[in-house]
Amino acid sequence: METNLFQPLVAAVISAAIATRSYRKKSLDLSGAIAGFAVMTIHIAVNYRFGAVLLIFFFTSSMFTKFGEDKKRKVDADFKEGGQRNWIQVLFNSGIATLLVLIAWKLVGSQDYCLNSKESGLMTSLIGGIIGHYCCCNGDTWSSELGILSDEPPRLITTFKPVRRGTNGGVTKAGLLAAAAGGAVIGLTFVILGFITTNCTFNVALKQLLLIPVSALAGLCGSVIDSLLGATLQYSGFCSVRNKVVGKPGPTVKKISGLSILDNNAVNLVSILLTTALTSITCLYIF
């Protein structure tokens, strides 16, 4: 019984410390800190590797969000000091993965698995979905936060015409490379920890390395899907008063692209759903 209680206790302590620090550093507002505590506790309590990929996503995304804040302040109409994600953003970026983590816990508890469809296709699919989720989130965040700092002017992904910085659907080479790198880091984290926490045959363990390029592609795929949705179903216009790209039409706003169908959270959710499903199927096929 003590062993069963140890991991949830560790999870709660770590999550409380990180949520408190993030609130003080303005990475999360109060609602985001509370939601983040719950999500982190679930991930770490179920499986340390699930917790690790969530924390890698959170810490690297928060770090890159703070890069070049002066430049982003001039471009981003919704700029917030430190990022200050709220509970809605936390759940949109981790809700689906949290559900998959709870399903995995219901099936096998805290037992750690290698990706191996011959042993368990269901667990391989679930793990692939969780990895795909965070590859998408991390890749898209790295792409957005680093791509906007690129000296290269962004181009609308649907037409490849140059657009203003901050336009939904605008991409740069640096941003796309950052997306792939963001996904690869998630896969690398999961694989390295797996060599310590799992007990698989040599051939199966070696095959886990394939998760790294799969994760890189998932990060890139998530960013591309997000950009396609942003360019077509999310409104972008230039406000002559604020001198910034904004996400809503108005009397002083000249349309750049897109339709007012999805907001940023909805775009993120759809791209996460699609990338999660694609990565889950890919892992089931490859492993």
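The values are calculated or read from the model by the stated rules, or taken from the named source; none is laboratory data. What you are looking at is a predicted structure, and each value in this text was computed from that prediction instead of being measured. Glycine also receives a Cβ, built like all others from the backbone with ideal geometry; neighbour counts cover every protein chain displayed. Surface accessibility is based on the protein's heavy atoms, side chains included, excluding ligands, DNA and RNA. Shrake-Rupley method; radii C 1.70, N 1.55, O 1.52, S 1.80 Å.
On inspection, residue 272 fails the criterion of being open to solvent by 40 Å² or more (accessible area, probe 1.4 Å), among the β-branched types (Val, Ile, Thr) and farther than 21 Å from residue 118 by Cα.
Looking only at segment 227-258, residues that are basic (Lys, Arg) and out of contact with any Ser or Thr (no Cβ under 9 Å at 6 or more places or on another chain) come to 1 in all. Residue selection: residue 253 satisfies the criterion of being crowded, with 17+ Cβ neighbours inside 10 Å, at pLDDT below 95, out of contact with any helix residue (DSSP H, G or I) (no Cβ under 8 Å at 6 or more places or on another chain) and at negative phi. Working only within segment 160-178, note down all residues that are touching a residue at least 40 places away in the same chain (Cβ under 8 Å), over 18 Å from the mean Cα position of the chain (by Cα) and either surrounded by fewer than 19 Cβ atoms within 10 Å (Cβ to Cβ) or under 22 Å from residue 269 (Cβ atoms) (or both). The answer is 164, 166, 167, 170.
Residues that are in contact (Cβ under 8 Å) with a residue 40 or more places away in the chain and open to solvent by 20 Å² or more (accessible area, probe 1.4 Å) were ranked within segment 196-213; the one that is farthest from residue 147 (Cα to Cα) is 200. Figure legend. Inter-residue proximity from segment 31-56: first residues among the polar types (S, T, N, Q), second residues open to solvent by 10 Å² or more (accessible area, probe 1.4 Å) and outside any helix (DSSP H, G or I), beta-carbon distance below 6 Å, spacing 6+ or different chains. Indicated pairs: 31/86; 47/110.
Just give me the residues in segment 17-30 being assigned to a helix (DSSP H, G or I), in contact (Cβ under 8 Å) with a residue 24 or more places away in the chain and among the small types (Gly, Ala, Ser), in sequence order. Even if it seems obvious, please write down each step before you answer.
Filtering segment 17-30 down to residues assigned to a helix (DSSP H, G or I) leaves 17-24, 30.
Filter again for in contact (Cβ under 8 Å) with a residue 24 or more places away in the chain, leaving 18, 22.
Within segment 17-30, just 22 meets the criteria.
For segment 147-159, does any single residue satisfy the condition of being open to solvent by 30 Å² or more (accessible area, probe 1.4 Å), under 21 Å from the mean Cα position of the chain (by Cα) and not aromatic (Phe, Trp, Tyr)? The answer is yes; a qualifying residue exists. Do we have residue 173 as over 30 Å from residue 242 (Cβ atoms), out of contact with any Leu (no Cβ under 8 Å at 6 or more places or on another chain) and among the charged types (D, E, K, R) here? Answer is no for this residue.
Quick check on segment 94-110. Is at least one of its residues in contact with a strand residue (DSSP E or B) (Cβ under 9 Å, 6 or more places away or on another chain), under 20 Å from residue 262 (Cβ atoms) and of a type in the set (S, T, N, Q)? Taking every residue of segment 94-110 in turn, none turns out to be in contact with a strand residue (DSSP E or B) (Cβ under 9 Å, 6 or more places away or on another chain), under 20 Å from residue 262 (Cβ atoms) and of a type in the set (S, T, N, Q).
Does segment 133-146 contain at least one residue that is more than 19 Å from residue 281 (Cα to Cα) and surrounded by fewer than 18 Cβ atoms within 10 Å (Cβ to Cβ)? Looking through segment 133-146, none of the residues is more than 19 Å from residue 281 (Cα to Cα) and surrounded by fewer than 18 Cβ atoms within 10 Å (Cβ to Cβ).
Within segment 179-195, the set of residues being among the aromatic types (Phe, Trp, Tyr) and without any contact (Cβ under 8 Å) to a residue 60 or more places away in the chain comprises just one member, 195. Against the test of being modelled with pLDDT under 95, of a type in the set (Val, Ile, Thr), open to solvent by 40 Å² or more (accessible area, probe 1.4 Å) and in contact with a helix residue (DSSP H, G or I) (Cβ under 9 Å, 6 or more places away or on another chain), the options 65, 20 yield a single qualifying residue, 20.
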